[in-house]
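The structure appears right after this line, and notes come after that.
Taken together, the values in this text are just the output of simple stated rules run on the coordinates, not laboratory data. Keep in mind that this is a model prediction, so the values were computed, not measured. Here the Cβ positions follow ideal geometry from the backbone for every residue, glycine too, while neighbour counts run over all protein chains shown.
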Amino acid sequence: MVIQKRLFNRPAPSILTPEHFRKGHEEHQTYYFAEPKVRPMSEILNLAGCRQDGSEFPVEISLSYLETIHGIFVIAFVSDITRCKHAEEEANRELESFNYGSPRSTETTGNG
């Protein structure tokens with residue numbers, strides 16, 4: 001596995017986080033370590049990962065942690081959601097074309 005060799009003994013954020021997000025990521029890490037909890041990061045944020053060639057792709061990330069005698073270890077589950085985003089965009093396009101193609105009633109209902 002190429003990715004495992006690239007990540008072994010290296011902080012994943014330095015490899016997977018796009019350059020323009022790294023400074024903010026360091027601040028988020030500090031906050032997370034101060035009060036770790038299991039949570040999906042993607043609920044609020046549109047997140048991106050960075051490929052080896054520098055191109056970006058959409059990701060979902062869930063965080064967990066393990067507290068040991070050696071300190072807190074963070075576990076991040078990172079999923080490439082490119083296919084999901086493409087399907088979502090296609091569904092939105094179809095919905096928009098359906099809505100624009102349907103006649104809409106401008107009449108209101110009510111008394112007389």
Starting from the 7 Å offset along Cα-to-Cβ, what nm value, one decimal, do you get for the label separation of E26 and L45?
1.5 nm
Using the 10 angstrom Cβ neighbour count as an exposure proxy, how do E35, E88 rank, fewest first?
E35, E88
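Stretch L63-T82 to full length: gain in nm at 0.36 nm per residue minus the Cα-Cα span? Don't jump to the answer; show the numbers that get you there.
Working: separation 19, 0.36 × 19 = 6.84 nm, distance 1.97 nm.
Full extension from L63 to T82 adds 4.9 nm.
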